[in-house]
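S.K.: This is the structure I have questions about; it appears just below.
The values are calculated or read from the model by the stated rules, or taken from the named source; none is laboratory data. None of the values given here were measured: they were computed from a predicted structure. Here the Cβ positions follow ideal geometry from the backbone for every residue, glycine too, while neighbour counts run over all protein chains shown. The protein model used for the area step is the full one, side chains on, heavy atoms only, and it has no ligands, DNA or RNA in it. Shrake-Rupley method; radii C 1.70, N 1.55, O 1.52, S 1.80 Å.
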Amino acid sequence: LNVTEEKFVLDTLAGCIEYKSLLDVVVNAFFVRDGRYCLTSERNLYAVICYLATFQLEELGLQHFSRIVKSLDTAKMQKFLRFFFNALYLNTWIKDEWSRIYDSPYVKENWIDPLLRWQPKVQQLIEQLTDKLSNRTTTVKTSTVTQPKEFNLTVPKPRAIPIPVPIPVMEKRPPVPPSTYKPPKEKKQLEEIKTKNHQKAEDLLVKANANQFRCATVKSEKGEVCYKIFYYLKIPQELVPFLPQYLDVVWKLLLRQYFEELQIDNIPIKLNAAAILREGALYQRKMEQELKRIENLVQGAGDPSEFLEWQKQMRGRDLEEQLAEIECRRLQGKLSHEEAVLAHQNVIQENKKKADLMREEKAELMHQYAEKCLQEQKEMRELVEQVVEGHKNAKQAKIKLQKYKQQIVQEVCEENRELLRQALEEEEEKLRKRYELIQQIRAIESLPILRQKYVDLTETGGHGLICEMSIVELRERLALLREAQKAAEEEKRDQIIHEKQAKEQLLLDKLDQISVFREELGRAAALKQEEKKRKSQSGERPVKDERVLNLQKKIAEKTMERKKQAGLL
């Protein structure tokens, strides 16, 4: 290719890669609607035509674009251009899909409007392609047929006719039973069971969708609780993403401070047996701890409330220090980012200088490479002349070698004929002996054999064992075992029913106990909430740390320096 053609090809390839998302919208829709029977391997062809029509049509001109289209398959181009230059498609879904990737005013001004302006002229090109398709005649390409030549082979001598082998008469076999071609009954039964199970699963799905859990509607309250916790602790919005790193340190403290002040109504939740027993055991354990605490107070032990209050204050101070440390780390990361941007800008300037030097070296290397190619072409021409002379001498040697090979083939053929004759004689002797042996075996099999045996169900096997019994006695014992098994099953069923009733009564007692405990806990939480509100009215927000203020000043200075450097670039 010359320079202009190479530049056009490279620009087209770069454009197809850059606007691949836009071209895929049109090409995918074409394969779904009008190009259902087109080959997937032609996808790149349609993408290139779509790129030329959208971005290069004004530079190429209609005449050059028509020449490119007519050089390709007429039917495919007519179908694709009729689909792409449809005014309804351009104004509706193509415009909407492109607007998802780029701004809508930019799409309409730079791509949709130019396509609509070119649409009447391209419609004439589509009509020309349609006329060409209607008047097209199939032309068969004629190619030169290769004329075969006969090989100069030696004529083989006629082979001797082998002695025919007697064909043994086979005995007629019984026909195949008709049950072989019928499907088994088990398969039909399995299909019926499968359909019944499928119907049961559908019924269960309908019931599950109708009776959904009532607790599933409370999910929105979890987000409100989290936001209320952050608002209560007066945590800045910038520090919220860093809290999960220290969640194991402060989570218990956060929940304790919030839920002591927040009164949550008892939400009706459906509990299973395990949840009821677990909650009952929890309340029982709390009641035992409270009784133990009262006994200790009666005996003269101290009240740990002052220690707990001091512990709460210290934990609050630790939390504030950790939050200040988190803010310092975040600001240090931002400061390092600003310094990295400045270093990156300096590296860009150095790379530009290195690129200029590389271009100069590349031009010198290309000049040296061109001289080297010319020298190699001269050497190849001399080598070709030497090879042609060597081929002329090789033909004479080839003729002598062919005569020598023909002599060897004649000698080998004579030896093969003698070996084949001996092998045929040995094979005929083996077949004769095998045929006589088969006749003897069939004569033995044709003799009648008595295979009838009468069975008495009341007699034993007569093996001399102590535990021997007849089939009738075995059936009677099995009947007795079945009756005993049924009686044991009935007894087990009654036992399970009694245990189930006792367990239900235990669960009802636990539920009554849980409801009483919940009411008492709700009252205690309401009293604590009122006391906390009185104490928290005089609270003030802590002052920011000095390290945080210093880091913010440094970040502002680095940002101003980076903006000045960017303006110079």
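S.K.: Can you tell me which residues in segment 330-345 are open to solvent by less than 80 Å² (accessible area, probe 1.4 Å), out of contact with any Lys or Arg (no Cβ under 9 Å at 6 or more places or on another chain) and either of a type in the set (Val, Ile, Thr) or touching a residue at least 40 places away in the same chain (Cβ under 8 Å) (or both)?
M.R.: Arg330
S.K.: Could you please let me know if Lys533 is over 53 Å from the mean Cα position of the chain (by Cα) and either open to solvent by less than 100 Å² (accessible area, probe 1.4 Å) or more than 21 Å from Ile276 (Cβ to Cβ) (or both)?
M.R.: The answer is yes for Lys533.
S.K.: Can you say whether Glu436 is open to solvent by less than 100 Å² (accessible area, probe 1.4 Å) and either without any contact (Cβ under 8 Å) to a residue 60 or more places away in the chain or part of a helix (DSSP H, G or I) (or both), as far as the supplied structure shows?
M.R.: The answer is yes for Glu436.
S.K.: Which residue out of Val32, Val27, Val48 is in contact with a Lys or Arg (Cβ under 8 Å, 6 or more places away or on another chain), under 22 Å from Ile126 (Cβ atoms) and among the β-branched types (Val, Ile, Thr)?
M.R.: Val27
S.K.: What's the number of the condition Thr74 fails, among (1) under 24 Å from Asn110 (Cβ atoms); (2) β-branched (Val, Ile, Thr); (3) open to solvent by less than 60 Å² (accessible area, probe 1.4 Å)?
M.R.: Only one criterion in (1) under 24 Å from Asn110 (Cβ atoms); (2) β-branched (Val, Ile, Thr); (3) open to solvent by less than 60 Å² (accessible area, probe 1.4 Å) is unmet by Thr74, namely (1).
S.K.: What do you reckon, is Gln396 in contact (Cβ under 8 Å) with a residue 24 or more places away in the chain and open to solvent by 100 Å² or more (accessible area, probe 1.4 Å)?
M.R.: Taking the combined requirement at face value, the residue does not satisfy it.
S.K.: Here is a list: Glu411, Glu428, Glu415. Which entry is among the charged types (D, E, K, R), closer than 30 Å to Ile161 by Cα and in contact (Cβ under 8 Å) with a residue 24 or more places away in the chain?
M.R.: Glu428
S.K.: If you don't mind, another one. Search segment 47-58 for residues that are closer than 16 Å to Asp113 by Cβ and pair each with any residue that is in a helix (DSSP H, G or I) when their beta-carbon atoms are under 7 Å apart and the residues are at least 6 apart or on different chains.
M.R.: What qualifies is Ala53/Phe84; Thr54/Trp111; Thr54/Leu115; Phe55/Gly15; Leu57/Phe65; Leu57/Trp118; Glu58/Pro114.
S.K.: Considering only residues that are among the polar types (S, T, N, Q) and over 30 Å from Gln565 (Cα atoms), which ones fall in segment 349-369?
M.R.: Passing the criteria: only Gln368.
S.K.: Regarding Ile497, is this residue exposed (fewer than 11 other Cβ atoms within 10 Å of the Cβ) and under 51 Å from the mean Cα position of the chain (by Cα)?
M.R.: When the stated conditions are applied, Ile497 passes them.
S.K.: Which residue out of Glu476, Glu519 is under 30 Å from Met287 (Cα atoms) and open to solvent by 100 Å² or more (accessible area, probe 1.4 Å)?
M.R.: Result of the check over Glu476, Glu519: Glu519.
S.K.: Look through Gln123, Gln63 and report the one residue that is without any contact (Cβ under 8 Å) to a residue 12 or more places away in the chain and either open to solvent by less than 40 Å² (accessible area, probe 1.4 Å) or assigned to a helix (DSSP H, G or I) (or both).
M.R.: Residue meeting the stated conditions: Gln63.
S.K.: Which condition from (1) surrounded by fewer than 10 Cβ atoms within 10 Å (Cβ to Cβ); (2) closer than 30 Å to Pro162 by Cβ is the one that Arg421 breaks?
M.R.: For Arg421, the failing item is (1).
S.K.: On the basis of being modelled with pLDDT of 85 or more, open to solvent by 100 Å² or more (accessible area, probe 1.4 Å) and closer than 29 Å to Leu271 by Cβ, does Lys510 make the cut?
M.R.: Here the answer is no, as Lys510 does not meet what is asked.
S.K.: Limited to segment 193-209, what total is found for residues that are at pLDDT below 90 and among the β-branched types (Val, Ile, Thr)?
M.R.: 1
S.K.: Let me ask something else about it. Out of the residues in segment 21-60 meeting the condition of being surrounded by fewer than 13 Cβ atoms within 10 Å (Cβ to Cβ) and among the charged types (D, E, K, R), tell me which one is nearest to Tyr89 (Cα to Cα).
M.R.: For segment 21-60, the residue satisfying everything is Arg33.
S.K.: Here's something else I'd like to know. List the residue pairs whose Cβ atoms are under 6 Å apart, where the first residue sits in segment 190-217 and is under 29 Å from Leu271 (Cβ atoms) and in a helix (DSSP H, G or I), the second is of a type outside the set (Gly, Ala, Ser) and at pLDDT below 90, and the two are 6 or more positions apart or on different chains.
M.R.: Close Cβ pairs (under 6 Å, with a partner that is of a type outside the set (Gly, Ala, Ser) and at pLDDT below 90) amount to Cys215/Ile269.
S.K.: Mind checking which residues of segment 293-308 are of a type in the set (D, E, K, R), surrounded by 10 or more Cβ atoms within 10 Å (Cβ to Cβ) and part of a helix (DSSP H, G or I)?
M.R.: Arg293, Glu295
S.K.: Mind checking whether some residue in segment 349-372 is of a type outside the set (Val, Ile, Thr) and touching a residue at least 24 places away in the same chain (Cβ under 8 Å)?
M.R.: yes
S.K.: Could you figure out which of (1) in contact with a helix residue (DSSP H, G or I) (Cβ under 9 Å, 6 or more places away or on another chain); (2) over 27 Å from Phe65 (Cα atoms) isn't true of Leu125?
M.R.: (2)
S.K.: For Leu81, state whether it is among the aliphatic types (A, V, I, L, M), free of Cβ contacts under 8 Å to residues at least 24 places away in the same chain and either closer than 20 Å to Leu125 by Cβ or assigned to a helix (DSSP H, G or I) (or both).
M.R.: No, not satisfied.
S.K.: Being open to solvent by 50 Å² or more (accessible area, probe 1.4 Å) and in a helix (DSSP H, G or I) is true for just one of Val9, Val69. Which residue is that?
M.R.: Exactly one of Val9, Val69 is open to solvent by 50 Å² or more (accessible area, probe 1.4 Å) and in a helix (DSSP H, G or I), namely Val9.
S.K.: Moving to a separate point now. For Cys328, which of the numbered conditions (1) modelled with pLDDT under 85; (2) touching an Asp or Glu at 6+ places or on another chain (Cβ under 9 Å) fails to hold?
M.R.: Status for Cys328: all satisfied but (1).
S.K.: Return the residues of segment 167-181 that are open to solvent by less than 90 Å² (accessible area, probe 1.4 Å) and under 30 Å from Glu436 (Cβ atoms); say none if nothing qualifies.
M.R.: Pro168
S.K.: On the given criteria, is Arg442 modelled with pLDDT of 80 or more, over 30 Å from Thr154 (Cβ atoms) and either open to solvent by 100 Å² or more (accessible area, probe 1.4 Å) or in a loop (DSSP other than H, G, I, E, B) (or both)?
M.R.: No, not satisfied.
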